[in-house]
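Written below as structure tokens is the structure these notes are about.
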Amino acid sequence: MKIQELARRLNVSTRAIRFYEEKGLLSPAKHPDNGYRRFTEEDAWRLQTILALREAGIAVDDIRTVLERTDRAETDEVRRYLELQRSALYGQWLELRETLALLDGMIDRTEDEPESLRHRWHALAERTKASKAIRDSWVDLWNFDALSEQWELNGSAGLTPHVPAEPAYSRILAQAAERVAPQPGEWGLDIGTGTGGFASRLLTSGVRMVGIDQSAEMLRRCRMQLPVLETRIGNLLSVPSFDGQFDFVVTSFAFHHLTETQQPLALAEMARVLKAKGRIAIVDWMDAPDGLYAASGTAPGEEHYAESQRLIAWFQTHGFRAETVSLDQGSVCLVLAVRTPL
């Protein structure tokens with residue numbers, strides 16, 4: 001087909017098609033007699049892909065990389081890039097929400113006295129700035145991409161000092177799954193899913209599960225072993241999902257990676273993506289368990305074990321009914337919170 005036909009078919013200008021050709025993203029064959037471009041169905045598909053990637057906010061140079069990897073059938077690398085792009089866009093969306101909330105707060109206070117108004121505006125701006133700084137402070141201290149080769153379907157059991165070894169690990173997750181009580185048809189989210197240890201036990205109840213993790217390698221191995229599990233790159237401070245999507249949100253042996261200042265933001269993120277009557281389950285060692293540091297070689301301060309009562313207080317303040325449950329004869333704690341109707 002000619003360039004005009006392709007432009008009409010995909011609702012794009014001929015100028016845009018020539019631009020992508022100049023950038024090396026399209027290479028149509030030329031008629032041997034008159035030199036006119038002749039676009040094939042493969043060229044049309046390629047242009048559709050370019051337009052979709054541009055719509056997703058991906059730069060031209062990055063589109064070239066994606067197309068080259070697609071041509072080489074490097075699907076894992078293509079997926080990794082697109083998931084990183086999605087994660088980044090969700091992060092930008094969260095920042096935009098906070099900026100809008102800041103503006104709404106400033107507008108609501110425009111009737112205040114001038115001195116009080118300036119003080120309140122400053123306080124709102126500082127709070128928004130602090131929230132962004134906390135979200136940006138996420139760091140993978142354990143390099144889980146490198147650890148992923150050692151992990152099996154049951155997740156991180158025994159491979160790092162802050163996760164129980166088998167058979168305790170399986171017992172704990174089985175007990176926690178029973179408490180979460182997933183129902184057929186529900187939609188659940190597992191944050192810090194690793195290779196899907198907790199999610200695999202919840203999936204047996206006939207639910208739909210999404211697993212997120214900051215490690216693309218963990219997620220790749222997770223998909224190999226649990227193809228029914230939808231995976232997304234993300235973390236506890238920036239959940240790649242819109243509001244009110246899930247019937248339940250769980251996380252196991254990941255919460256202690258967060259500092260004391262990061263933990264409230266993580267709780268707010270879990271609550272944000274939860275449905276009106278949803279539930280949240282946090283499985284972890286808590287309250288700085290006696291003997292844990294000595295047994296594991298982990299120094300105090302390297303991990304940030306939450307105080308269960310502080311978590312309970314946060315949930316109660318934010319409209320949840322919460323309880324603490326001991327798992328595996330008290331070695332691990334489950335904080336289970338259920339959002340109460342207004």
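The values are calculated or read from the model by the stated rules, or taken from the named source; none is laboratory data. Nothing here was measured: the structure is a model prediction, and the numbers come from that model. No Cβ is skipped: glycine too gets one built from the backbone with ideal geometry, and neighbour counts run over all protein chains shown. When the accessible area is computed, the model is the full protein with side chains, heavy atoms only, and any ligands, DNA or RNA have been set aside. Shrake-Rupley method; radii C 1.70, N 1.55, O 1.52, S 1.80 Å.
Tabulated values for the structure
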| item | result |
| --- | --- |
| Förster radius 22 Å - calculated FRET efficiency between ARG310 and LYS129 (Cβ-Cβ, nearest 0.05) | 0.35 |
| Where chymotrypsin sites (Phe, Trp or Tyr not before Pro) fall in DSSP loop in the stretch 1-56, at most 13 other Cβ within 10 Å | TYR36 |
| Computed over the stretch 53-110, Cα set: Rg, Dmax in Å | 17.1, 58 |
| The stretch 179-225 - accessible surface per residue (Å², probe 1.4 Å) | 32 |
| About the Cα centre, charge dipole magnitude for the stretch 79-137 (Lys/Arg +1, Asp/Glu -1 at Cβ), debye | 560 |
| 0 to 90° range, to nearest 10: angle between helix 114-136 axis and the chain longest Cα axis | 80 |
| Per-pair calculated FRET efficiency, R0 = 25 Å: GLN92 and GLU42 via Cβ, rounded to 0.05 | 0.15 |
| Relative contact order of the chain, defined on C-alpha pairs under 8 angstrom at six or more residues apart (%) | 12 |
| Cα-only radius of gyration and Dmax that characterise the stretch 1-131, units Å | 23.4, 78 |
| Solvent-accessible area, 1.4 Å probe, carbon plus sulfur percent, for the chain | 51 |
| Average accessible area per residue (Å²) across the stretch 3-72 - probe 1.4 Å, nucleic acids and ligands excluded | 65 |
| Under-5 Å amide H pairs with VAL249, H placed in peptide plane, nonlocal only | LEU189, ARG279, ILE280, ALA281 |
| Gain upon complete extension [ARG18, ASP136; 0.36 nm per residue less C-alpha separation] | 38.6 nm |
| Additional length obtainable on full extension of the chain from LEU84 to ASP243, 0.36 nm per residue less Cα span | 55.3 nm |
| Residue among ARG109, ARG272, ARG208 with the largest mean-square fluctuation in a Gaussian network model of the chain, springs linking Cα atoms under 10 Å | ARG109 |
| Sequence-distant lysines (8 or more away, or on other chains) whose Cα lies within less than 22 Å of LYS30 | LYS2 |
| Highest-fluctuation residue, GLU21, GLU178, GLU230 considered, GNM on the chain with Cα pairs under 10 Å | GLU21 |
| Positive-end residue of GLY24, SER205, ILE312, charge dipole of the chain with Cβ unit charges | GLY24 |
| Most fluctuating residue given options VAL283, VAL332, VAL78, as computed from a GNM of the chain linking Cα atoms under 10 Å | VAL78 |
| Calculated FRET value between VAL325 and ASP104, using beta carbons and R₀ = 22 Å, to 0.05 | 0.05 |
